[in-house]
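The structure appears right after this line, and notes come after that.
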Amino acid sequence: MRGPAELADALPYLMGFYPDDSIVMVALNGERGRFGGRVRIGIPTDTAQWPDVADQLAECLISAGQERGTRPAAIIVYLCQEPAAGESGKDVKDRLRPLAQRLRTACGTLDVPVLEALCLSGGRFWSYCCPDFRCCPADGTPMVMPGTSVMAAAAAYAGMQVRGSLKEMEARLTPRTGPRAVEQEKALDAAAGALVPRMLRRDGAAAVRRDTLDLAGAMIHRFRQDTPSGSNRARDACDDALITDAEAADLILGLQDRVTRDRAAEWMDGSAAAPALRLWRALARRCAGGYVEHAVAPLTLAGWVCWSTEDGPSARVALSCALALDPDYTFAQLLHRAINEGLDPEPLRRCLREQHREAVSAAAPAAPAPAAKKTPRSTKRPGPSRSGAGSRPHGPRGGTGPGARTTDGRGRRRAGRDGNRSRR
């Protein structure tokens with residue numbers, strides 16, 4: 001990057017989306033200033049929070065680099081916010097200047113300089129570090145045409161994708177409103193009322209888990225058979241039409257069970273990944289009214305599928321939405337931390353595949369034993385018993401002596417474990 005214009009143009013490629021109303025800090029490593037870690041957070045509306053937020057962001061970015069053995073040599077700061085009604089981009093830049101200054105001070109206190117601080121608003125950018133109006137005019141500099149910069153060419157060559165704006169990505173996960181939300185909430189109320197007596201029955205929890213997973217598998221098959229096209233909004237509308245309010249309600253309530261959620265996470269790769277992601281997004285949009293917090297489970301599953309299919313930016317957005325609803329949701333916490341630390345999802349995928357194989361083998365009936373051949377009864381009188389192995393007493397048929405297989409009395413093997421390895 002050779003100047004503020006290219007740094008401003010690089011931001012969506014660094015993040016994987018266009019950040020809205022966000023503070024973004026990017027670490028530069030080594031003498032050549034290679035891009036390193038980055039942090040993003042929404043701009044607090046309360047200006048009294050700006051000093052604390054600045055200190056925490058600087059500490060987070062620098063300490064994360066130190067833990068990886070690469071303390072940042074410098075930092076780039078981005079402040080991204082679109083003008084409000086009656087406001088210009090320059091007004092946004094002036095209003096956010098104290099925040100930019102506080103971020104620069106927080107980094108300087110930790111002995112890491114801010115190389116550049118930019119404000120992006122209304123299709124233009126301003127530098128808080130350059131006092132020369134010849135290169136950084138007071139009215140701002142227009143952003144370069146999308147796809148025409150060096151960074152755009154390098155990103156295209158590397159296969160990097162920009163997935164729209166942060167607001168657009170969050171809109172795909174936001175619960176619906178209006179009359180359709182009212183109907184969905186009624187379906188959720190009805191499903192919750194029917195769920196209680198089912199759970200009180202003997203083995204009710206196991207039956208609900210089985211029914212939820214069977215329904216989820218049927219929905220994934222339905223989604224796979226009907227792949228929509230067009231814009232994200234059009235595709236989401238098609239997905240919403242593929243599932244009824246009653247089906248969505250049963251799935252949303254069933255996924256609140258931790259064991260069921262962990263089994264549902266097995267749809268994570270291959271041909272099931274794309275329809276599963278569409279289903280989890282659709283269920284998150286159905287958590288309307290008083291059931292908003294029920295969206296944490298499908299949001300976390302959506303984040304897991306995105307991470308498993310190497311879509312880190314979408315995974316971070318989904319998991320951030322889940323943690324915004326429930327900061328203590330353990331599964332979302334673990335996934336979010338794993339993504340931020342650059343871990344490989346393959347070990348978890350292997351664990352889930354093994355869990356799936358164990359569940360399938362435990363559910364499959366054992367093959368019937370071949371019938372024993374009848375032998376003619378001997379007419380000779382038995383001779384005297386001899387000592388040794390031949391004189392050892394034999395237990396009854398079906399016994400559990402050494403080498404025998406334990407059964408449940410009906411010719412089936414008795415499982416030693418239920419095969420459930422799910423964790424919070």
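All of the numbers you see were taken from the coordinates with simple rules; none came from a lab. Note that the structure is a prediction, hence the values are computed from the model and not measured. For neighbour counting, all protein chains shown are included, and Cβ atoms are generated from backbone atoms with ideal geometry for every residue, glycine included.
The figures follow:
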quantity: Rg/Rh ratio calculated on Cα atoms of the stretch 64-115 (Kirkwood radius); calculated: 1.14
quantity: Theoretical FRET efficiency, 1/(1+(r/R0)^6), r = Cβ-Cβ of residue 231 and residue 271, R0 22 Å, to 0.05; calculated: 0.40
quantity: Stretch gain in nm, segment residue 130-residue 192, where the contour uses 0.36 nm per residue and the Cα spacing is subtracted; calculated: 16.4 nm
quantity: For the stretch 1-160, projected area of the alpha-carbon convex hull averaged over all directions, nm²; calculated: 9.6 nm²
quantity: Fully extended contour minus Cα-Cα distance, from residue 183 to residue 215, at 0.36 nm per residue; calculated: 9.5 nm
quantity: Residue 201/residue 244 FRET efficiency (R0 30 Å; Cβ-Cβ; nearest 0.05); calculated: 0.75
quantity: Percent of alpha-carbon pairs separated by more than 26 Å within the stretch 162-288; calculated: 22 percent
quantity: Sorted peptide list for 78-88, 150-160, 248-258, criterion being average Cβ within 10 angstrom, highest first; calculated: 248-258, 78-88, 150-160
quantity: Highest average packing first - 274-285, 179-190, Cβ atoms within 10 Å; calculated: 274-285, 179-190
quantity: Stretch gain in nm, segment residue 360-residue 326, where the contour uses 0.36 nm per residue and the Cα spacing is subtracted; calculated: 9.0 nm
quantity: Solution diffusion estimate, µm²/s, Stokes-Einstein, the stretch 1-82, Kirkwood Rh from C-alpha pairs, 4 °C, viscosity 1.567 mPa s; calculated: 97 µm²/s
quantity: Efficiency of FRET between residue 48 and residue 70 - r from beta-carbon atoms, R0 45 angstrom, step 0.05; calculated: 0.85
quantity: Rg over Rh [alpha-carbon atoms, Kirkwood Rh] for the stretch 85-230; calculated: 1.20
